[in-house]
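Student: I have a structure I would like to understand better, so I am pasting it below and will then ask my questions one at a time.
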Amino acid sequence: MTQEKPNPGLFKRNPPIAGEAEAIEAAKNGDPDAFSKLYSLHKRRVYTLCLRMLGNVSEAEDMTQEAFLHLFRKLGSFRGESAFSTWLHRLTVNLVLMHLRKKGLNLVSLEETISPSEEDAPKRDFGSRDPMLSGSVDRVALERAVASLPPGYRMVFVLHDVEGFEHNEIATMLECSTGNSKSQLHKARLKLRELLREQVSSTQPAVLKEASA
């Protein structure tokens, strides 16, 4: 029996970029043009990650700049043990989480983690892939729905289903239990389904009206 591969996330990372490895080595040696190339290659995806986690354009722009400043200082510690994009995204995630903690915000809601209601109680597989959300869902609609999630739900959803972190890693990052991470993900997915249904319902009248014109 073939072992099922782990879910890479709803928004898959791009494969290694041509010329990236050479740019990394040159940037380590102080080549400013090489670092500029790395910035150009990864700035959009780092910004998108910040925006998904923060839900605020201005803060996302600031944290993107902070991430690349931090990258400039930490690039020498990159050993190639993982993909550069994975390493950079983890660095960015850690910076965003530190930023949120400095603001005194709770990164994860702790409500209903011990005795959730029967209606939305996580099932035995609530930490596994959700085929309803990873199928043929319009990307723009899904992005809009993710942005509308409550901060705690959005954080866990982005870390697990978008970035591909395991629940034990998320629990460490957010300083919560693994069960809490799984519970928040389950509720985030329920909320996303609700938001996506609302988006479909809101567009149907316009489509029907146009069709009948």
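Student: Mind scanning K74/K191; K102/K182; K74/K187; K28/K103 and naming the pairs with a C-alpha gap bigger than 31 Å? Don't skip to the end; give the middle numbers.
Tutor: Details: K74/K191 37 Å; K102/K182 25 Å; K74/K187 36 Å; K28/K103 33 Å.
The pairs that break the limit, which is 31 Å between Cα atoms, are K74/K191; K74/K187; K28/K103.
Student: Can you find, among L100, L88, T64, the residue farthest towards the positive end of the dipole of the stretch 20-102? Put +1 on the C-beta of Lys and Arg, -1 on that of Asp and Glu.
Tutor: Working it through, the farthest residue towards the positive pole turns out to be L100.
Student: Okay, moving on. Taking K and R as +1 and D and E as -1, what net charge do the other residues with C-beta under 15 Å from the C-beta of G55 add up to?
Tutor: That works out to +1.
Student: Defining a contact as two alpha carbons under 8 Å apart and six or more residues distant in sequence, what relative contact order in percent does the stretch 20-102 show?
Tutor: Details: 53 pairs, mean separation 22.7, N = 83.
About 27 percent, as a whole number.
Student: Within 10 Å of each residue's Cβ, count the other Cβ atoms and sort E198, E163 from fewest upward. Don't skip to the answer; put the middle values down first.
Tutor: Values: E198 12, E163 22.
So the residues, fewest neighbours to most, are E198, E163.
Student: Still on this structure, I have one more. Would you kindly calculate the translational diffusion coefficient of the stretch 20-102, applying Stokes-Einstein with the Kirkwood radius from alpha carbon pairs, for 10 °C and a viscosity of 1.306 mPa s, and quote it in µm² s⁻¹ without decimals?
Tutor: Result for D is 123 µm²/s.
Student: Based on Cβ point charges of +1 for Lys and Arg and -1 for Asp and Glu, what charge dipole magnitude is obtained for the stretch 20-102 about its Cα centre, in debye rounded to the nearest 20?
Tutor: Computed charge dipole of the stretch 20-102: roughly 320 debye.
Student: Another question, if that's okay. Can you put T92, T48 in order, fewest other beta carbons within 10 Å first?
Tutor: T48, T92
Student: What's the local net charge at K37, with K and R +1, D and E -1, over the other residues with C-beta under 10 Å away?
Tutor: -4
Student: Sum up the charges of everything whose Cβ sits under 15 Å from the Cβ of S77, counting Lys and Arg as +1 and Asp and Glu as -1, but leave S77 out.
Tutor: Taking every other residue near S77 into account, the sum is +3.
Bear in mind these aren't lab numbers, they're just calculated from the coordinates by the rules spelled out. Please read these numbers as outputs of a predicted model, since none were measured by experiment. Here Cβ is always computed from backbone atoms with ideal geometry, including for glycine, and neighbour counts include all displayed protein chains.
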